[in-house]
Amino acid sequence: MRQVIASYGEILLAQTFQILTCNAVHPVEARCCRWILMMHDRAEQDTLPLTHEFLAEMLGVQRSTVSVVTRTLQTAGLIEQGRGSITVTDRAGLEEAVCECYGRIQRIYQRVMPGRYPSKSGP
C-alpha cells in the first residue's frame, strides 16, 4: 500500500509540474487537445462529460475562448460538441494537434505504474 501511495504522489507531482509548464508556454488549442485526450484515456467511452466552463478553468482562459477552440476542433472533424459533453471523433487527429506535454504525461504514468495506465494508444 505504501508503494502505491508513493507512486501516486510521484505521478501527481510530475503531472502537476508538466501541466503548469504547458499552461505557461503552449497555445490554448494544443492544451485543450491535451485535456480532451487525458479525459479520453481514462474514460470507457468516446463521449466525455466536459463543459466549456470546466475546460476554461483547467486551461486558465475565458469560456468564450474555449468556445472558439472547440468550434475549431469540431470544424476540423476532431470532436463533436453536445450540451455538457464532447465526443472524440478523430483521436489520431487530436494526437497530431496536441503539444508534447501529453506524451510526457503518458510516459510518466507508464514508467511509474507500468500496465496500469489506461491509454488508448501508444506513447
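The values are calculated or read from the model by the stated rules, or taken from the named source; none is laboratory data. Keep in mind the model is a prediction, meaning the values are calculated, not measured. Cβ coordinates were reconstructed from backbone atoms using ideal geometry, including for glycine residues, and neighbour counts include every protein chain displayed. What goes into the accessible areas is simple: the full protein's heavy atoms, side chains included, and nothing from ligands, DNA or RNA. Shrake-Rupley method; radii C 1.70, N 1.55, O 1.52, S 1.80 Å.
Within segment 37-50, identify whether any single residue is of a type in the set (Lys, Arg), surrounded by 16 or more Cβ atoms within 10 Å (Cβ to Cβ) and in a helix (DSSP H, G or I), and answer yes or no.
The answer is no; no qualifying residue exists.
Of all residues in segment 28-84, which are free of Cβ contacts under 8 Å to residues at least 12 places away in the same chain and out of contact with any helix residue (DSSP H, G or I) (no Cβ under 8 Å at 6 or more places or on another chain)?
39, 43, 44, 45, 54, 57, 64, 68, 71, 74, 75, 83
Applying the selection to segment 1-25, what residues are free of Cβ contacts under 8 Å to residues at least 40 places away in the same chain, open to solvent by 70 Å² or more (accessible area, probe 1.4 Å) and within 18 Å of residue 61 (Cα to Cα)?
Residues satisfying the conditions are 20, 24, 25.
Could you list, in sequence order, all residues of segment 95-115 that are more than 19 Å from residue 27 (Cβ to Cβ) and either of a type in the set (D, E, K, R) or in a helix (DSSP H, G or I) (or both)?
106, 107, 108, 109, 110, 111, 112
Tally up the residues in segment 55-94 that are under 20 Å from residue 24 (Cα atoms), open to solvent by 30 Å² or more (accessible area, probe 1.4 Å) and under 15 Å from the mean Cα position of the chain (by Cα), please.
Here the count works out to 3.
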